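The block underneath contains the structure these notes are about, expressed in structure tokens.
The values are calculated or read from the model by the stated rules, or taken from the named source; none is laboratory data. Computed from a predicted model, the values in this text were never measured in an experiment. Quick reminder, even Gly has a Cβ in these numbers, built from the backbone with ideal geometry, and neighbours come from all protein chains shown. Please note that ligands, DNA and RNA were not included when accessible areas were found on the heavy atoms of the full protein model with its side chains. Shrake-Rupley method; radii C 1.70, N 1.55, O 1.52, S 1.80 Å.
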Amino acid sequence: MRAAAVRESAAPPSGGAAPGPALVREVLEEYGALTREALEGYLPSLEPKRYLYDLLADYPRRGGKMMRPSICIAAGRAFGARLDEVVGSAAAIELLHNALLIHDDIEDLSMERRGKPALHVLHGVPIALNVGDALSLMSLRPLIENRWSIGPRLALAILEETDRMARESAEGQAIELGWIRDNVVDLDDADYFRMILKKTCWLAAIHPARVGAIIGSRGALGTDRFVRFGFFLGASFQIHDDVLNLTGDHGRYGKEIAGDLWEGKRTLILIHLLRSATREERARVRRVLAPTRERRDGDDVAWLAERVEHYDAVGYARQVAHGFAGAALHEFDRELGRLPESRDKGFLRALATWMFERTR
Amino acid sequence: MSDQGHFEKPEPERTGPYRQFFRPGPLGGTGQATARPSNGSGDPGWTGVVERSVEAGYRIVDEQLRFGQEVAERLSSGLTGVAGPGAVGGLEQMAMRMMRSTLDLAGLWVEMMSSVPATMGSWMAQAAPVGGTAASGGVDQGPALSIESSRPVEVSFDLEPRWRSASLAVQPLRSATQETALQGIELETADDGRLRLRLVVPDELPGGVYTGAIFDPRTGVGRGTLTVRVG
């Protein structure tokens, strides 16, 4: 454990502390490194390496943003937890996140992840599925070992939270997959918000913040806490991700540009296009989205992208994301306003605006 | 025109800034070909999008929270068939639910259930046969046990895995209700690196629960606890 290398959380953010975006980058790097170190301890080097154990480490070692574990650690420390009390839970969150990415890439027929071919592209669907299964089970290990660092009562509380998050995430993913399978196009923004609350926001923000705060507060956290903050933060993150998917630089973004259009994802951008389009255009969008990804025509996808630009659907999504970031800041003050200023508190606050600086 | 022949400005419909851009009904409407929303701040289109979206966001989160509260109420009152009566009636019940639902998935859970004695019941290492000697290692990487006792004995062992190959010792076990201590407990590392616990329960030892610390004899630092219930 490199606890000694971590800066003192109680230090106020003023007086030479990095400004918002720089602080976020700094904390993500620092807590990300700590999480990776802890996470490596849960990835055994056993046989069969070629078909399982080497592959378990593939996505985690590709270098994600580490936002989820960093939120967990920062929330925990802002509430008074020691680093060694939260880093295991942070590692569990990152392990589960990577496990779900493997399965998501299969379900969405995604080709790339973090700048490289997706795991199922490299090794085939059966092996990738099994690696995802194993990784998700291994994410339980740090939660089990929590009993030594935070005691059995809090360890069970974190398991309960994990159970809640896992159900929400699965429901959100199911809703999105169902929309694609059944070619549902009669959607409004509220449908989309409801879906990403479950699919994205729980694992991206609500769960990490709640887990950290539960540990830091020794379990004295209401069931509603951080749900609103996490929703607005996570939704802002997801909508900006959808924007990057269409406008990002491929080298930085690490995923296929316009992949969401190829995959028929029901993003806020697509929903705005459907709402803005003429009757004839809407009928064509529906026809374009009907086949599976492999049978979708490149010219049709290019037409979708052109219509998205015509109706400024990206601009619309950006506006919503900015509004949500503002709401996240408002909720941040409600949730953490009374806590003493600290570097971790500053990090959590600055996350809301950092979302728009990121390019991946 | 007034009676004096001057023009008068009509009374304005409003005197304050226009801030309310929210339109009731489905967010964003449906099926309308709309002009491009502008991006300029202060533009009604921009503000309206943000206001309506945030309002919808709050509505959806609140829906979710209400739903969660309703589910929790149903679970706690035992009205649901999902988890059964008393599903959230305490840590032990929750732990038992978890154990039942996850034992099939992974052996990982076995260890969890076997090592949270304070909350979920003891790690039931061995009930020694009457008048006999028993040896068992339990279900996980717990210590190998060697017990000599004429009465049933239940051993609870609370020791973090990383200390299970260290050189450790056990204090005489004390009882809250008996004067006599249970002494002479040996803890040693076997050739296979596994911890081995030797326990002899004298016939004259009164029945009861005996507890003591497991510690590192070099530093005196406690590493765990050992509890023995003698029938």
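Quick check of the Kirkwood formula: for segment A:211-360, what is the inverse mean of 1/r over all pairs of different Cα atoms, in Å?
Values: mean 1/r = 0.0577 Å⁻¹.
Across segment A:211-360, the inverse of the average 1/r is 17.3 Å.
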Expressed as a whole-number percentage, the relative contact order of segment A:221-360 with C-alpha contacts under 8 angstrom and at least six residues apart is 40
One finds the C-alpha centres of segment A:283-360 and segment A:63-80 to be spaced, in Å, by 21
In segment A:129-144, the residues losing 10 Å² or more of accessible area (1.4 Å probe, heavy atoms of protein chains only) relative to their chain alone are A:137, A:140, A:141, A:144
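Could you work out the mean count of beta carbons from other protein chains within 10 Å of each residue's beta carbon in A:218-228? Intermediate values should be presented prior to the final figure.
Details: counts 0, 0, 0, 0, 0, 4, 6, 0, 0, 5, 6.
Taking the mean over all residues of the peptide, I get 2.
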Scalar couplings 3J(HN,Hα) for segment B:191-204 by Karplus 6.51 cos²θ - 1.76 cosθ + 1.60 (θ = phi - 60°), nearest whole Hz, x for Gly and Pro, are 4, 7, x, 8, 6, 10, 10, 10, 9, 10, 9, x, 4, 7
Between residue B:189 and residue A:62, the two model label points (7 Å from Cα along the beta-carbon direction) sit apart by a distance in nm of 4.1
The simple spin-label model distance between residue B:204 and residue B:73, using points 7 Å out along Cα→Cβ, in nm, is 6.4
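Let me check I've understood the local charge: for residue A:277, count other residues with C-beta under 11 angstrom from its C-beta, Lys and Arg +1, Asp and Glu -1. What total comes out?
Once positives and negatives cancel, what remains is +4.
Once you have a ≥ b ≥ c as the square roots of the Cα gyration tensor eigenvalues for segment A:46-134, tell me rounded if a/c is under 1.5, and otherwise prolate or oblate according to whether a/b is larger than b/c. All intermediate terms of the calculation are to be shown ahead of the outcome.
Details: a/c = 2.89, a/b = 1.98, b/c = 1.46.
Note, shape of segment A:46-134 comes out prolate.
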Heavy-atom accessible area of chain A with neighbours in place, 1.4 angstrom probe: carbon+sulfur share in percent works out to 51
Here the residues of segment B:177-207 lying in the modelled label zone of residue B:146, meaning backbone nitrogen under 18 Å from a point 7 Å along Cα-to-Cβ, are B:183-202
Sorted by chain and number, the residues with a modelled amide H under 5 Å from that of residue B:223, at a separation of 5 or more or across chains, are B:214, B:215, B:216
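Averaged over peptide A:266-277, how many Cβ atoms belonging to another chain are found within 10 Å of each residue's Cβ? Show your work: numbers first, answer last.
Details: counts 0, 0, 2, 0, 0, 2, 4, 0, 2, 9, 9, 4.
Mean shielding by partner chains, rounded to a whole number: 3.
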Per-residue ellipticity at 222 nm attributable to helices in chain A (runs of n ≥ 4 DSSP H, -39500 (n - 2.57) apiece, nearest 500 deg cm²/dmol) works out to -21500 deg cm²/dmol
Order by accessible surface, 1.4 Å probe, largest leading, for residues B:230, B:221 comes to B:221, B:230
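Working out 0.36 nm times the residue gap between residue A:334 and residue A:284, then minus their Cα-Cα distance, what length gain in nm do you get to one decimal? Mind dumping the intermediate values first?
Details: separation 50, 0.36 × 50 = 18.00 nm, distance 4.54 nm.
Here the answer is 13.5 nm.
Summed for both chains, how many Å² of accessible area, to the nearest 100, are buried between A and B with a 1.4 Å probe? Provide the component values of the computation, followed by the final result.
Numbers: alone 15590 and 15630 Å², together 27220 Å².
The buried area between A and B, both sides summed, comes to about 4000 Å².
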Computed over chain A, the convex hull of the Cα set has an average projected area, in nm², of 17.3
Note to self: with every protein chain in place and a 1.4 Å probe, segment A:202-360 gives an accessible area per residue in Å² of 36
Given A:127-137, A:63-73, A:287-297, the highest-first ranking by average Cβ count within 10 Å works out to A:63-73, A:127-137, A:287-297
